[in-house]
Amino acid sequence: MKKWLTLLLGVLLVVVLTACTATESSSDSSDDGNNENGSDSETKTLLLNNGEEPTSFDPPKGFDSVSWNALNNLMEGMTRLGKDHSPQPATAEKWEVSEDGKVYTFTIRDNAKWSNGDDVTAGDFEFAWKRLLDPETASPAAFLGYFIEGGEAYNNGEGSKDDVMVEAVNDKELKVTLTAPTGYFLNIISNPAFFPVNQKVAEENPEWYTEADSFVGNGPFALAEWKHDSEMLFKKNEEYWDSETVKLDEVHWAMVNDVNTEYQMYESGDLDTSGIPADMSEKLLKSDEVTIQDQAGTYFYRFNVNEEPFQNKKIRKALAMAVNQQDIVDYVTKNKEEPAYGFVSYGFEGPSGDDFREHNGKLVEFNPEEAKKLLEEGMKEEGYDELPEITLSYNTSESHKAVAATIQDMFKENLGIDIKLSNAEWNVFLQNQKDLKHQLSRSSFLADYADPINFLESFITDSSMNRTGWSNEEYDKLIEQAKNESDEAKRWEYMYEAEKILFEDMPIFPIHFYNQVVLRKDSVKDIVRHPVGYLELKWADKQ
């Protein structure tokens, strides 16, 4: 697999230490056209599928792709990932970094406006970033703000808002102090969790983000219509500072969570892009309309270690080793994914030049004989004559169902275990997973910023992303050391060791690494799909 990340650190440090003032150019993956759905024949309307109702358009709360892919086009942070996938000036026209690499001072563009015409201010960013970290917000993305001095303590209830080192020096200048030099900080703050919030609007209406009529953004598009659980319509935001770059007039989003239906809509002209149904992959992957791009993320399953029988490490390992990842990607998902034998995906190149995944090797592999042995040992340790009933849960989707049913068959064939399957709609499923109500559940991780630590920090004790009940002091310490280590070679060694501990205890087991396989009409150009990041329609066009 292509190495798309060549250590952002070197590039970013050169850029930021000279007070970045570069402007965004153009070029990557989707573009132009007239649309029969528009108000007239000249209207360019891109037809996309969001899959599900967004969890939330409140930036710190909508911590999933069904929220942030769309939100990334309604709002914008200090930086935005460019077509080369590196952070570029966005709402901030420039920034300066202190000699010790810990203090960033951002200057906001004079013409940065909210969709209601208000100026975007440094106060809006201070309000938003502190709200991200406010324990009352209960943001699942709050850990992303722990790089900021005082952020973790405030979020954990051990510090105050005033101790969070984010300060609006004036209306157009924001000063941020980090806990340690963080070369990928500009990448982190391109994430939707760090989008500003119009403080005046939010204080007047705390539910401002729930309806199209009240939503206020600062991105390339404005939210014109939102029929919940059905469809959304975005229109070009004329108040956007770079509106001249935006070629589309509208983006219409369907909400269809079945890839077969999605493909039928694509074929009938109701969508401009689509995923590929697994049973048609052999034929469609040869199509000229297919694009395959890298994506940093992992499809995996979580054990709840507080639920029997998964309090036992050997039983967890047995089930993990009874799963044949290669067969799943070859015969079930069939989208040319890489089978996953670790959690950190390919594409992260370390200081030695090695890819993280290749360096750390295969940490779990299909081995039915060893799995049987471990299962027997684990059952003996727990005094089980037979295993307690096991239910595997997944969110409603034909593709997730197919993977779950395959795993069910593998457990039966390789271990003689019968398990039940259970599905629920996304929001219900997600809340139950967060509340540790599942025994064994399907999951996914898409990187929020371009560094392996982002994968690994998910499983520290009490992380909102952990959702397994697992805790390991040595693991937590290694992650903390990696986050505060300025020596890159040492930092990567800490991360290598942490991932090994994760798989020694096996609170999760991986299936495959993600890629982005998309059918796209020839009329569509310059949709940008980042390996790490969210969908970009700023440069998109349709002919």
Item to check | Sole exception among (1) touching a helix residue (DSSP H, G or I) at 6+ places or on another chain (Cβ under 8 Å); (2) closer than 14 Å to LYS538 by Cβ; (3) touching a residue at least 40 places away in the same chain (Cβ under 8 Å) for VAL216, by number | outcome: (2)
Checklist entry - What helices (runs of 4 or more DSSP H) lie completely within the range 105-196 and have 2 or more residues being closer than 25 Å to ASN72 by Cβ and open to solvent by 20 Å² or more (accessible area, probe 1.4 Å)? => result 122-133
Checklist entry - Given the structure, is LYS94 outside any loop (DSSP other than H, G, I, E, B), touching a residue at least 60 places away in the same chain (Cβ under 8 Å), open to solvent by 10 Å² or more (accessible area, probe 1.4 Å) and among the charged types (D, E, K, R)? => result yes
Checklist entry - Out of all the residues in the range 304-327, is one or more in contact (Cβ under 8 Å) with a residue 40 or more places away in the chain, assigned to a strand (DSSP E or B), within 22 Å of LEU446 (Cβ to Cβ) and not small (Gly, Ala, Ser)? => result no
Item to check | Enumeration of residues in the range 464-495 that are at pLDDT 90 or above, outside any helix (DSSP H, G or I) and of a type in the set (S, T, N, Q) | outcome: ASN466, THR468, SER471, ASN472
Checklist entry - Take the residues of the range 35-53 that are out of contact with any Gly (no Cβ under 6 Å at 6 or more places or on another chain) and open to solvent by 40 Å² or more (accessible area, probe 1.4 Å): which is modelled with the highest pLDDT? => result GLU42
Item to check | Residue among VAL344, VAL305, VAL329 that is over 30 Å from ASN260 (Cβ atoms), aliphatic (A, V, I, L, M), surrounded by fewer than 23 Cβ atoms within 10 Å (Cβ to Cβ) and at pLDDT 95 or above | outcome: VAL305
Next on the checklist: Condition first: open to solvent by 10 Å² or more (accessible area, probe 1.4 Å) and either part of a loop (DSSP other than H, G, I, E, B) or modelled with pLDDT under 95 (or both). Now tell me which residues in the range 347-358 satisfy that.
Outcome noted: GLU349, PRO351, SER352, GLY353, ASP354
Next on the checklist: Suppose we keep only residues that are buried (at least 17 other Cβ atoms within 10 Å of the Cβ) and among the small types (Gly, Ala, Ser) within the range 229-280. Which one would you say is farthest from ALA112 (Cα to Cα)?
Outcome noted: ALA278
Next on the checklist: Looking only at residues that are in a helix (DSSP H, G or I), more than 21 Å from the chain's Cα centre (by Cα) and small (Gly, Ala, Ser) in the range 389-438, which one is surrounded by the most Cβ atoms within 10 Å (Cβ to Cβ)?
Outcome noted: ALA404
Next on the checklist: Take the residues in the range 451-473 that are open to solvent by 10 Å² or more (accessible area, probe 1.4 Å) and touching a helix residue (DSSP H, G or I) at 6+ places or on another chain (Cβ under 8 Å); name whichever of them is nearest to PHE513 (Cα to Cα).
Outcome noted: MET465
Checklist entry - Among the residues of the range 488-500, is any in contact with an Asp or Glu (Cβ under 6 Å, 6 or more places away or on another chain) and touching a residue at least 40 places away in the same chain (Cβ under 8 Å)? => result no
Checklist entry - Under 8 Å by Cβ, and 6 or more places apart or on different chains, what pairs join a residue from the range 521-543 that is part of a loop (DSSP other than H, G, I, E, B) and of a type in the set (Asp, Glu) with one that is open to solvent by less than 30 Å² (accessible area, probe 1.4 Å) and at pLDDT 95 or above? => result ASP526/TRP539; ASP526/ALA540; ASP526/ASP541
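The values are calculated or read from the model by the stated rules, or taken from the named source; none is laboratory data. Bear in mind that the values here come from a model prediction, so they are computed numbers and not experimental data. We place every Cβ from the backbone using ideal geometry, glycine too, and count neighbours over all the protein chains shown. Ligands, DNA and RNA are stripped out before the accessible areas are found, and what is left, the full protein with its side chains, is counted by its heavy atoms. Shrake-Rupley method; radii C 1.70, N 1.55, O 1.52, S 1.80 Å.
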